[in-house]
Amino acid sequence: MGFFESLLKENGTGFFVGNDITLADIILYDIATGFLKATFEAIYNFPLVKKLVDTVGDNERIKKYVSNRK
């Protein structure tokens, strides 16, 4: 997660690339809320990663997809 934190810091927009959600952001969101869900609390050590995961999760289209996926 430290690597991702440094990428987010370097870009400075809260996203990996540009100023809006991209596939890279969605992939990290999916990893953090799916594959790494059991260790999700570890994300709190990386505030920029946590903020990105929250931002992607708050996106209406992502919310709709996640709710239909369950």
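Is the shape of segment 1-41 rounded, prolate or oblate, going by the alpha carbon gyration tensor and its root eigenvalues a ≥ b ≥ c, with a/c under 1.5 for rounded and a/b larger than b/c for prolate?
On the way: a/c = 3.10, a/b = 1.61, b/c = 1.93.
Taking the square roots of the gyration eigenvalues as a ≥ b ≥ c, segment 1-41 is oblate.
What ranking do Y29, Y44 get, fewest neighbouring Cβ atoms within 10 angstrom at the top?
On the way: Y29 21, Y44 9.
Ascending Cβ contact count within 10 Å gives the list Y44, Y29.
If you take log10 I(q)/I(0) by the Debye sum over Cα atoms at q = 0.17, 0.22, 0.24 Å⁻¹ from the coordinates, which of [x] -0.84, -1.20, -1.26; [y] -0.79, -0.96, -1.01; [z] -0.57, -0.94, -1.10 do you get? Among [x] -0.84, -1.20, -1.26; [y] -0.79, -0.96, -1.01; [z] -0.57, -0.94, -1.10, the one derived from this structure is [z].
Bear in mind these aren't lab numbers, they're just calculated from the coordinates by the rules spelled out. All of these numbers come straight from a predicted model, not from anything done at the bench. Positions of Cβ are generated from backbone atoms using ideal geometry, with glycine treated the same way; all protein chains shown enter the neighbour counts.
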